[in-house]
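Data block below; observations after.
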Amino acid sequence: MELNTAIAGMAAAEEGTERLDRGGLISAILVGLIGAIVIFITPGFLAVVAQKTGFDNDQLGYLAAWDINAMGVTIGLSTFALAKVRWRLAVGLGLALIVLGNLLTAAVISFPAMAAARVVSGAGEGIAIGFAFAALGRAKNPDRAFAIYLVTGALLSSGFLYMLPLIMDVVAPSTFFIAIAGFAGLVMLSLRAFPDGSKDEPDIFAAGGGKLDLRAASGALLGVFLLFFAMGAVWSYSERIGQLSQLTDGAIANGLSIGTMAGVVGAGLAGVLPRRWGRSWPLVFSGAIGTVSFLMFRDHVTPTAFVLACTMMMFSWNFAQPLLSGICSEACQRGRVVCAMGSIQTFGTGLGPAAAAATLVTGSFTVMIYAASLILALSIVVTIVTMRWSRQPA
């Protein structure tokens, strides 16, 4: 959900590349889903880790950051590796790291060992995401391919988050991570259908070409980072906020699952906005909805407020993503900026919970919520100013 199709379209952008058949599409979707599993279900992931280890809120935030930032590094590296390595071998390595990382997560309890395990898994997740997105970009209809991927991810994660209380009652936390490792192992069986890629993938970084608006690119990527930083912080801790407000497990599960589905609505609505409306006012609308959702998490949260806050937050986040992608795409015709966006947004999502953890020494989420609200507003301002810059001659 939170992932943008930043590497999308690079492989499909050139004539003569191998197109994705039905088997390849299924394989790419499966690889992308296992790669993005922590992002799709971050609150539930942290809840399971907390049940297994008893980590406090700041430790959970740092743990999420280790995983997601490792993912961001390898997404960035995958961008450069597309034209240089065999795709099936690279994805096989990524899936093997996911298997190893989750088996280690199931086996360890201490924070340093758990963080190391999540770095291993996060590195594999980033490789899987990067190459899966490049493969989906080779579909005959890339927009439809990514829509299938996102909707499938949203439905599965919504179902998981809704069933989370039951899962935590009947399944041991270690079994949860072993199951993820098993799923990653099964996905390996689909790699025969995955495109091999590198033999006909253009190396967009090997030579110049395509005008790069550096000022617009820098501002757009900064705006992306700030938005994902703020959203990642609050979304990661949403389940913990519900626990602090003594909500029932069912109420928390409803909020998380409904919120995840609202993200699909937000992304879809952004995709059908009339172009004459531009991007500035829709981004202001998105920022306002997101800020209100953050503020609804203050103090004691009622069940109704929790559901509304999760719904509005995920709607806002996913409504903004296509708009930000368009801005980044216009900064470079060859896709270099929108490609970098995938790594930048992942770092933002990972660093948000880590920064928020430093504010939780009092046991209250108030400082985090106000800080995230200010950072979200700043991201909208930076992005709109960037758009105005890009309309002026350099």
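The values are calculated or read from the model by the stated rules, or taken from the named source; none is laboratory data. Model, not experiment: these values are computed from the prediction. Here the Cβ is made from the backbone with ideal geometry for all residues, glycine too, and neighbour counts use every protein chain on show.
Quick notes on this structure:
- LEU82 being of a type outside the set (Val, Ile, Thr) and either over 21 Å from the mean Cα position of the chain (by Cα) or closer than 18 Å to LEU30 by Cα (or both): no
- Verdict on LEU283 being over 26 Å from GLY363 (Cα atoms) and touching a residue at least 24 places away in the same chain (Cβ under 8 Å): yes
This table checks each residue for (1) at pLDDT 85 or above; (2) buried (at least 24 other Cβ atoms within 10 Å of the Cβ).
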{"position": "THR17", "(1), (2)": "no, no"}
{"position": "ALA28", "(1), (2)": "yes, yes"}
{"position": "PRO43", "(1), (2)": "no, yes"}
{"position": "VAL48", "(1), (2)": "yes, no"}
{"position": "GLY61", "(1), (2)": "no, yes"}
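- When the range 358-374 is limited to residues that are outside any helix (DSSP H, G or I) and in contact with a Ser or Thr (Cβ under 9 Å, 6 or more places away or on another chain), the one that is nearest to PHE297 (Cα to Cα) turns out to be PHE365.
- Residue count, the range 246-282 (criterion: aliphatic (A, V, I, L, M) and either touching a Ser or Thr at 6+ places or on another chain (Cβ under 6 Å) or closer than 20 Å to ALA47 by Cα (or both)): 8
- Only one of the listed residues (PHE131, PHE146) is modelled with pLDDT under 85 and of a type in the set (Phe, Trp, Tyr). That residue is PHE146.
- Residues that are at pLDDT 60 or above and among the β-branched types (Val, Ile, Thr) were ranked within the range 176-217; the one that is surrounded by the most Cβ atoms within 10 Å (Cβ to Cβ) is VAL187.
- Per the listing ALA377, ALA355, the residue uniquely in a helix (DSSP H, G or I), touching a residue at least 60 places away in the same chain (Cβ under 8 Å) and over 28 Å from THR79 (Cβ atoms) is ALA377.
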